[in-house]
Amino acid sequence: MKKILAFAAVAAIGSAMAVESANIVGYNTQDKSGKQYVSLSPAFMSTGASATFKLSDIVLDGGDASSDTLQVLESTKASVSATYVYVSKAQALEWGDASYEGWYNTTMDTPMDDVSFTSGAAFLGNFTTKTVKPTYAGQVVDGSVEIDCTGKQYVMFGNPLPRALTLAEIVLDGGDASSDTVQVLEPTKASVSATYVYVSKAQAIEWGDASYQGWYNAAMDTSMNDVEVGIGDAFLGNFTTKSVKITFPTAL
């Protein structure tokens, strides 16, 4: 990454930044109070150049490791393939040892801090306390982010950048707007609250007009290009073609 004054670069989004660095670093805290099911994706990561993050880059304050979980969905049935819990600093001190702070498996006998994921990967939080505040910390991803979903139907993915986007900035190639959908999960029952489809450049040309390219509602009669995608916001992709590639723009 270019050496820049990082604080000035993202001060507008409320993330605290280091003053000058070869890598842009910072953090972003979000208040998810009142929400049980939260789709989230880290906006900062361990290594921006390799576009990877660890669970340790995510801090969950205000929750309870005995009841709040972070889930990974597998790609064939959208069922849960892995579940993690977080012991906050406050809870670790309550239990008598600050070193307990961190991520664990559900039986809390194995640390999971070093489990890594690629940029754009997302989770479904099941926060029964409804008092969780996630913080993402680390570097800003270097360059654009491509998520190859080849062979995968159900894909949790999210905004990996420390700024809000519009749907128009996210490109889906290789799919079919007639069958592939991107869903927003609502926070009370994890049911679908909104569904979007994407007409790729190739499909728009195939339909006779390149201007069709972009995001639409499920009925494909209303453009959704201007829908905002906030920092850390995530979706569930239902890609029946199993051939989709998702591209996010560069951070700055």
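The values are calculated or read from the model by the stated rules, or taken from the named source; none is laboratory data. Keep in mind it's a predicted model, so treat the numbers as computed, not measured. Please note: Cβ atoms are built from the backbone with ideal geometry, for glycine as well, and neighbour counts cover all protein chains shown. SASA here: full protein model, heavy atoms, side chains in, ligands and nucleic acids out. Shrake-Rupley method; radii C 1.70, N 1.55, O 1.52, S 1.80 Å.
Take the alpha-carbon centre of segment 129-191, take the same for segment 40-86, and report the distance between them in whole Å.
13
Once R0 is set to 22 Å, what does the formula 1/(1 + (r/R0)^6) return for the Cβ-Cβ distance between residue 81 and residue 186, expressed as a FRET efficiency to the nearest 0.05? Show your work: numbers first, answer last.
Values: r = 22 Å, r/R0 = 1.01.
With a Förster radius of 22 Å, E is 0.50.
Using the Karplus curve 6.51 cos²θ - 1.76 cosθ + 1.60 with θ = phi - 60°, work out ³J(HN,Hα) for each residue of segment 241-252 in order, rounded to whole Hz, and write x for Gly and Pro.
6, 6, 9, 8, 10, 9, 10, 9, x, 5, 5, 10
To the nearest 0.05, what FRET efficiency results for residue 245 and residue 94 with a Förster distance of 30 Å applied to their C-beta separation?
Numbers: r = 45 Å, r/R0 = 1.51.
E(calc), rounded to 0.05, equals 0.10.
Averaged per residue, what accessible surface does segment 124-235 expose to a 1.4 Å probe, in Å²? Before the final figure, lay out each step's value.
Details: 4800 Å² over 112 residues.
With the other protein chains kept in place, segment 124-235 gives 43 Å² per residue.
Using Cα springs under 10 Å in a Gaussian network model of the chain, which residue among 81, 39, 56 shows the largest mean-square fluctuation?
Ranking 81, 39, 56 by mean-square fluctuation puts 81 first.
Go ahead and estimate [θ] at 222 nm for the chain from helices alone: -39,500 (n - 2.57) per DSSP H run with n ≥ 4, summed, over the residue count, rounded to 500.
On the way: 3 runs with 17 residues, N = 252.
That calculation yields -1500 deg cm²/dmol at 222 nm.
Give, as ranges by residue number, the residues of segment 101-116 whose backbone N falls under 19 Å from the point 7 Å along Cα→Cβ of residue 74.
It comes to 105-107, 116, nothing else.
Evaluate 2.2 N^0.38 Å with N set to the residue count of segment 60-130, then give the Cα radius of gyration divided by it. Walk me through the numbers on the way to the answer.
Numbers: Rg = 12.7 Å, N = 71, 2.2 N^0.38 = 11.1 Å.
Compared with the compact-globule rule of thumb, segment 60-130 sits at 1.14.
What per residue convex hull volume, in Å³, comes out for segment 94-227 when only alpha-carbon positions are used? List each step's numbers first, then the result.
On the way: hull volume 22.3 nm³, N = 134.
Hull volume normalised by residue count: 167 Å³.
Answer with a single label: of (i) 57, 44, 39; (ii) 66, 43, 30; (iii) 109, 47, 29, which was calculated as Cα extents along the principal axes in Å from the structure in view?
Step by step, Cα extents along the principal axes in Å for this structure corresponds to label (ii).
Could you please report the charge total around residue 56, scoring K, R as +1 and D, E as -1 over all other residues with beta-carbon less than 12 angstrom from its beta-carbon?
Values: positive: 54; negative: 57, 101, 113, 114.
Net of charged neighbours comes to -3.
Which residues among segment 113-154 fall inside the zone where the amide N is under 11 Å from a point 7 Å beyond the Cα of residue 238, along Cα→Cβ?
Residues 154 qualify, since their backbone N sits under 11 Å from the label point.
What pairs in 77/133; 152/245; 89/133; 189/242 have C-alpha atoms more than 22 Å from each other? It would help to have the intermediate numbers written out before the result.
Values: 77/133 29 Å; 152/245 10 Å; 89/133 13 Å; 189/242 26 Å.
In this structure, 77/133; 189/242 lie more than 22 Å apart at Cα.
Put one equal scatterer on each alpha carbon of segment 165-252, apply the Debye formula with no solvent term, and list log10 I(q)/I(0) at q = 0.14 1/Å to two decimals.
Taking Cα atoms of segment 165-252 as identical point scatterers yields -0.47.
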